[in-house]
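Colleague: Pasting in a structure now, in structure tokens, and then I'll have a few things to ask.
Just so it is clear, none of the values below were taken in a lab; they were calculated from the coordinates. These numbers come from a predicted model, not from an experiment. Cβ atoms come from the backbone with ideal geometry, glycine included; neighbour counts cover every protein chain shown.
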Amino acid sequence: MPHKIAILGAGPSGCYLAQSLLKLDDALEVDIIDRLPVPYGLVRYGVAPDHQGTKGVARQFARLFERQGVTFIGNLDVCTGDHGGEITLAELRELYDVVVLATGLPTDQKLGIEGEELDGVIGSGALTRAWNDHPDSHDLPPAETGKTVTVIGNGNVAMDIVRILSKGEGEFEGSDFGTHHAERIAAAGIEWIEVIGRSPAHMAKFDPVMVKEIGKSAGLRFEIADLQLSAGAEADNTRLQALATLAGIAPDDARCTVSFRFGWSPVRLVGAGGKLTGAHFTRADGSEALDLPSDTVITAIGFCDDARLGRAELVAGATDIDSGRLAPGLYAAGWFRRGPRGTIPENRADSQAVAAAIVEDLASLAASDKPGRAALQARFDRLTDYAAWQRIDEHERATVSEGRVRSKLRSRRDMLALALNETETPS
Amino acid sequence: MKITILYGTETGNTEMLSEDLESEFGSDHEIEVKNLSDVAPEDLDLTVFHVFLCSSYGDGELPASAKPFAEALGASDADLSGLRFAIFGLGDSDYETFGHGSEQLADMLVKHKAQQVGPRLIHDAQGGDLAEDLAFPWFEERVAEVEALSDAA
């Protein structure tokens, strides 16, 4: 019997891992398990809704299920410890020869400063999940912004957020950004966006193209401050060049100003009556201070673990974390392995390396006597499969709004109704 | 006809297109598919028609798997006279550097005296077409052109 592999997490790292495994050994039996009823994880729920080109990698992943014999098992929550879930990681490991954890790092990194609990402070992950209609966002209050928004962080996630907040309502053609979100942003009438980070501009984490893309939106004017901190940078620094393309944009009838600031550390958020009113920053050496009045602060400073799978202990006790080996038969890939660094293609390379380690180890493992997915299917009667996702996908494309490519089902209940062919929704 | 397909990929989309071309035309032609990361400029068989598939990444850069080849070619004075090649790009018009990767590669090959056959076509990830729907007819046309050139010679 071929070896049975369960990959936890149907996002890009998990899907690339399945692809790489099958390139090395197409006899392997590979299942991709996700706690959501639908596949593709970050591609569907993290990549910005107006970056459909980036979401195009999902076509590769569809092939896994359509042609390469990979089985999708959705709506199964694997957990450890006190986090609930339907099956523990230890139980799952009993059913498969190999289990790979590729669930990413979903939780917003906190600033760790005073005032973070104020009303008006939003994490970038929570915000992008809401904008992507992640079902976990469905029961949360909608993300509202005021007229003066401060985005803390200057990586690509921050740039995604600035771009979406600063686009006009009509500039989401061809995206799957829900019209309800576009209308809410337009209604907020944002007049000022501060983008502020610790690094000097020439060392900021954003990709230059991401900054230039913000400049394509009509009706914005730009201010770029703190470039004196980059006085020593090389003349051909592409980040400075990208910022320079924005600096000249200042139409008389601008509807919103986007102001970039560099070299500032957040010290505290201030509010009145529980509601945010501003953010206070200083230079790293304390030489200067800055107050930015803000009715919304969005933190985009990175991601961390949600502890649902006991990652910290697994990584600390790993056999060889560099190759993804956590313990015999247990591996990690993507951000779960490497931490919150790197783009989708970097995690493709990561998954290829982990796949090589797995196949190397399997060579010395006896033939499989594990039950694999049959045991899951016998125990759980509300799992979703790839055909269920195809029904949801077709529905989302068929019910699309004008100018959009997809209109996502927003609640787990609606997804499951379609996925499980249930005429009556479960209570 | 003997055809070598060389791809430069970052996300795997271009690799997938290479495999699609092989499946579609492999029964009519003797096709070899290779990742550019596994090829050095001096390995190129100048008598074989080469089809390059190349995306762009980052700030209009070549994709990771094409970079070592491009660097080696850039640093060499290799004479690629006689090599006939066609090139297909994959890009995303969200970015102003749309198609720059394949453009760079085409320019380098021509600079080293290789002969480009037909136009460079770029698939746009923003468009409604699938990459293979553009690439299949383009590929057939390029092969026909090379066959005509060979017959004329």
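Colleague: So how far apart, in nm, are the two label points at A:ALA235 and A:GLU94 if each is 7 Å from Cα heading toward Cβ?
Modeller: Each label point lies 7 Å from its Cα, and together they span 7.0 nm.
Colleague: Within the P(r) computed for segment A:79-208, what percentage of the Cα pairs occupies the region above 17 Å? Please report the intermediate quantities before stating the final value.
Modeller: On the way: 5758 of 8385 pairs.
Tail fraction, whole percent: 69.
Colleague: A follow-up question, please. What number comes out for the charge environment of B:LEU80, summing +1 per Lys or Arg and -1 per Asp or Glu over other residues with Cβ under 14 Å away?
Modeller: Values: positive: B:ARG84, B:LYS111, B:LYS113; negative: B:GLU42, B:ASP43, B:ASP45, B:ASP77, B:ASP79, B:ASP107.
Around B:LEU80, the charge tally is -3.
Colleague: Which percentage, to the nearest 5, of the DSSP beta bridges contained in chain B is antiparallel?
Modeller: Details: 1 of 25 bridges.
Roughly 5 percent of the DSSP beta bridges within chain B come out antiparallel.
Colleague: For chain A, which DSSP H helices look membrane-span-like by this rule: Cα extent along the axis of 24 Å or more and mean Kyte-Doolittle of at least -1.0?
Modeller: Details: long enough: A:344-362 (27 Å, 0.12).
Membrane-span-like by this criterion, though nothing is claimed about a membrane: A:344-362.
Colleague: Now, a different point. Counting C-alpha atoms alone, how compact is the protein assembly as shown: give Rg to one decimal and Dmax as a whole number, in angstrom.
Modeller: When restricted to Cα atoms, the protein assembly as shown yields Rg and Dmax of 25.3, 85 Å.
Colleague: Please list, short to long, the whole-number percent of alpha-carbon pairs of segment A:52-147 in consecutive 5 angstrom bins beginning at zero.
Modeller: Result, from short to long distances: 2, 8, 12, 16, 18, 16, 13, 8, 4, 2, 0 percent.
Colleague: Could you pull out the pairs from A:LYS110/A:LYS205; A:LYS147/A:LYS167; A:LYS205/A:LYS408; A:LYS147/A:LYS275; A:LYS110/A:LYS212; A:LYS205/B:LYS67 whose alpha carbons sit more than 20 Å apart here?
Modeller: Numbers: A:LYS110/A:LYS205 18 Å; A:LYS147/A:LYS167 14 Å; A:LYS205/A:LYS408 31 Å; A:LYS147/A:LYS275 14 Å; A:LYS110/A:LYS212 28 Å; A:LYS205/B:LYS67 22 Å.
Beyond 20 Å: A:LYS205/A:LYS408; A:LYS110/A:LYS212; A:LYS205/B:LYS67.
Colleague: Just from the alpha-carbon atoms, what are the Rg and Dmax of segment A:5-86 in angstroms?
Modeller: Cα-based Rg and Dmax for segment A:5-86 come out at 13.2, 39 Å.
Colleague: At R0 = 35 Å, how high is the FRET efficiency between B:ALA75 and A:ALA357 if r is their beta carbon distance? Nearest 0.05 is fine.
Modeller: 0.55
Colleague: How many partner chain Cβ atoms sit within 10 Å of a residue's Cβ in peptide B:9-16, on average, as a whole number? Walk me through the intermediate numbers first.
Modeller: Numbers: counts 2, 6, 10, 13, 6, 0, 3, 5.
Counting other chains' Cβ atoms within 10 Å and averaging over B:9-16 gives 6.
Colleague: Let me ask something additional. Test of understanding: express the Cα radius of gyration of segment B:18-153 as a ratio to 2.2 N^0.38 Å, with N the residue count. Each step should come with its number before you reach the end.
Modeller: On the way: Rg = 14.6 Å, N = 136, 2.2 N^0.38 = 14.2 Å.
Against the empirical 2.2 N^0.38 Å value, I get 1.03 for segment B:18-153.
Colleague: What is the spin-label model distance, in nm, from A:SER259 to A:GLU173 if the labels are put 7 Å beyond Cα along the C-beta direction?
Modeller: For the pair A:SER259/A:GLU173, the computed spacing is 3.3 nm.
Colleague: What is the extension gain from A:VAL270 to A:ASP26, computed as 0.36 nm multiplied by their sequence separation minus the C-alpha to C-alpha distance, in nm to one decimal?
Modeller: 82.1 nm
Colleague: Here's a follow-up. Can you grab the distance from the C-alpha centre of segment A:95-167 to the C-alpha centre of segment A:275-348, Å, no decimals?
Modeller: Measuring centre to centre over Cα atoms gives 12 Å.
Colleague: For chain A, which span is the longest to avoid every loop-located (per DSSP) member of GluC sites (Glu not before Pro) having at most 14 other Cβ atoms inside 10 Å?
Modeller: Values: sites that count: A:GLU117, A:GLU144, A:GLU173, A:GLU191, A:GLU234, A:GLU288, A:GLU402, A:GLU422, A:GLU424.
So the longest stretch without any such site is A:1-116.
Colleague: What full-extension length gain, to one decimal in nm, is calculated for A:GLN390 and A:ALA327 as 0.36 nm per residue of separation minus the Cα-Cα distance? It would help to have the intermediate numbers written out before the result.
Modeller: Working: separation 63, 0.36 × 63 = 22.68 nm, distance 3.52 nm.
Taking 0.36 nm per residue and subtracting the Cα distance, the gain is 19.2 nm.
Colleague: May I pose another question? Gap in Å between the Cα centre of segment A:178-246 and the Cα centre of segment A:406-420?
Modeller: Going from one Cα centre to the other spans 36 Å.
Colleague: A follow-up question, please. Within a Cβ distance under 11 Å of A:PHE260, other residues only, what is the Lys/Arg minus Asp/Glu net charge?
Modeller: Values: positive: A:ARG239, A:ARG261; negative: A:GLU194, A:GLU223, A:ASP226.
Value of the local net charge: -1.
Colleague: If the viscosity is 1.306 mPa s and the temperature 10 °C, what Stokes-Einstein diffusion coefficient in µm²/s follows for segment A:143-280 when Rh is the Kirkwood radius over Cα pairs?
Modeller: Numbers: Rh = 15.7 Å.
So the translational diffusion coefficient is about 101 µm²/s.
Colleague: Compute a Gaussian network model of chain A, connecting alpha carbons closer than 10 Å, and tell me which residue from A:LEU269, A:LEU409, A:LEU24 fluctuates the most.
Modeller: Result: A:LEU24 has the largest fluctuation of those listed.
Colleague: Separate question: Over what distance in Å are the Cα centres of segment A:12-86 and segment B:16-41 separated?
Modeller: Answer, in whole Å: 26.
Colleague: Rg (Å, one decimal) plus Dmax (Å, integer) for the alpha carbons of segment A:284-337?
Modeller: 18.7, 53
Colleague: Now for a different question. Net charge around A:LEU362, counting only other residues with Cβ within less than 9 Å of its Cβ (Lys, Arg = +1; Asp, Glu = -1)? Present the calculation step by step, with values, prior to reporting the outcome.
Modeller: Working: positive: none; negative: A:ASP25, A:ASP97, A:GLU360, A:ASP361.
Result for the neighbourhood of A:LEU362: -4.
Colleague: Can you run the Rg to Rh ratio on segment A:236-341? Use alpha carbon positions and the Kirkwood inverse-distance Rh. Don't jump to the answer; show the numbers that get you there.
Modeller: Values: Rg = 21.2 Å, Rh = 18.5 Å.
Result for segment A:236-341 is an Rg/Rh of 1.15.
Colleague: Run the numbers on segment A:27-110 and let me know its relative contact order in percent, using alpha-carbon pairs under 8 Å that are six or more apart.
Modeller: 31 percent
Colleague: Rounded to the nearest 500, what is the 222 nm mean residue ellipticity of chain A from helices alone, with -39500 (n - 2.57) per DSSP H run of 4+ residues and division by all residues? Please report the intermediate quantities before stating the final value.
Modeller: Details: 16 runs with 142 residues, N = 427.
For chain A, the value works out to -9500 deg cm²/dmol.
Colleague: Separate question: Please report the antiparallel percentage of the DSSP beta bridges confined to chain A, to the nearest 5. Provide the component values of the computation, followed by the final result.
Modeller: Working: 18 of 61 bridges.
DSSP beta bridges in chain A are roughly 30 percent antiparallel.
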